[in-house]
Each structure stands twice: as C-alpha cells, then as structure tokens.
1. For HIS36, which of the numbered conditions (1) over 14 Å from ALA103 (Cβ atoms); (2) of a type outside the set (Phe, Trp, Tyr); (3) surrounded by 13 or more Cβ atoms within 10 Å (Cβ to Cβ) fails to hold?
2. In contact with a Phe, Trp or Tyr (Cβ under 9 Å, 6 or more places away or on another chain), modelled with pLDDT under 95, among the hydrophobic types (A, V, I, L, M, F, W, C) and crowded, with 21+ Cβ neighbours inside 10 Å - does that describe any residue in the range 46-58?
3. Need at least 2 residues that are in contact (Cβ under 8 Å) with a residue 12 or more places away in the chain and among the aromatic types (Phe, Trp, Tyr) per element, so show me which helices (runs of 4 or more DSSP H) inside the range 10-90 make the cut, counting only ones lying wholly within it.
4. It is to be established whether one or more residues within the range 73-80 are in contact with a Ser or Thr (Cβ under 9 Å, 6 or more places away or on another chain), of a type in the set (Gly, Ala, Ser) and over 16 Å from LEU107 (Cβ atoms).
5. When you look at ALA103, is it within 10 Å of the chain's Cα centre (by Cα), part of a helix (DSSP H, G or I) and modelled with pLDDT of 95 or more, yes or no?
6. Out of (1) modelled with pLDDT under 90; (2) out of contact with any helix residue (DSSP H, G or I) (no Cβ under 9 Å at 6 or more places or on another chain), the odd one out for GLY88 is which?
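The values are calculated or read from the model by the stated rules, or taken from the named source; none is laboratory data. Everything quoted here is computed from the prediction, not taken from an experiment. Every residue, glycine as well, gets a Cβ built from its backbone with ideal geometry; the counts of neighbours run over all protein chains shown.
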Amino acid sequence: MTVARDFLDLARELAGRPGEAAQRSAVSRAYYAAFHHLRAMTGLNSEGKRGAREHQRVAEAATALNPAAGHLLAELRIRRNEADYNIGEPLDPATARISCRIAERLLAVA
C-alpha cells in the first residue's frame, strides 16, 4: 500500500530530525503506516470509518490474521497516544526509531 509506505518513509525522516515535535510526529506517522497497511490487509479498508472503535476493529482483525501483528499494532498505538497526548512528559528519542522499526515489521505482513 503506497500511502502506508509513504507514512513510514516520512516517519523515518522525522525520526532523524532534531526536536521533540519531529520525534512525536514520527511516532504518530509510524503508527498510521502500520494501521493503514493492516486495515487494508484485513479487508477493513472502509472509507469514512473513524474513531477509537475503528482502531480496535483493525487491531482485532490483525490479531486474528497474525497474533504478533495485533500485539505490535497495539504497542504502536500506545506509543502514538503517549506521543500525541502526553505533551507534558518528555519523549525518549529512541521511541521514534523503535516505532519506525516496529512499523517496518508490520508492513512486511502481507
């Protein structure tokens, strides 16, 4: 899926930039790369469905397809929520690099 790969490429670029905003954005893009890829792979690539329930549906479908993939997607989602919403807490720069590696593994799930 091209959009997922583009998100991952952007996540890697952002992870290599200095600054917390870039690092936080890298974590978010890495999650969405994996999310959109797995949503397409599980057949849930339905336009217009948004929100927490859609994220849960994709995680459940990914787990049914490959339990490890579902677990890794859930881990990325936790990291993304922390990066996006816990602005008062410092973000370890390694989090962005690790998130990119996890997303890369998930994009390998066909």
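1. (1)
2. Yes, the range 46-58 contains a residue that is in contact with a Phe, Trp or Tyr (Cβ under 9 Å, 6 or more places away or on another chain), modelled with pLDDT under 95, among the hydrophobic types (A, V, I, L, M, F, W, C) and crowded, with 21+ Cβ neighbours inside 10 Å.
3. Details: elements: 20-41, 52-65, 67-85.
The qualifying helices (runs of 4 or more DSSP H) are 20-41.
4. Yes, because at least one residue in the range 73-80 is in contact with a Ser or Thr (Cβ under 9 Å, 6 or more places away or on another chain), of a type in the set (Gly, Ala, Ser) and over 16 Å from LEU107 (Cβ atoms).
5. Working: within 10 Å of the chain's Cα centre (by Cα): yes; part of a helix (DSSP H, G or I): yes; modelled with pLDDT of 95 or more: yes.
Against the criterion (within 10 Å of the chain's Cα centre (by Cα), part of a helix (DSSP H, G or I) and modelled with pLDDT of 95 or more), ALA103 qualifies.
6. Here GLY88 meets the rest and fails (1).
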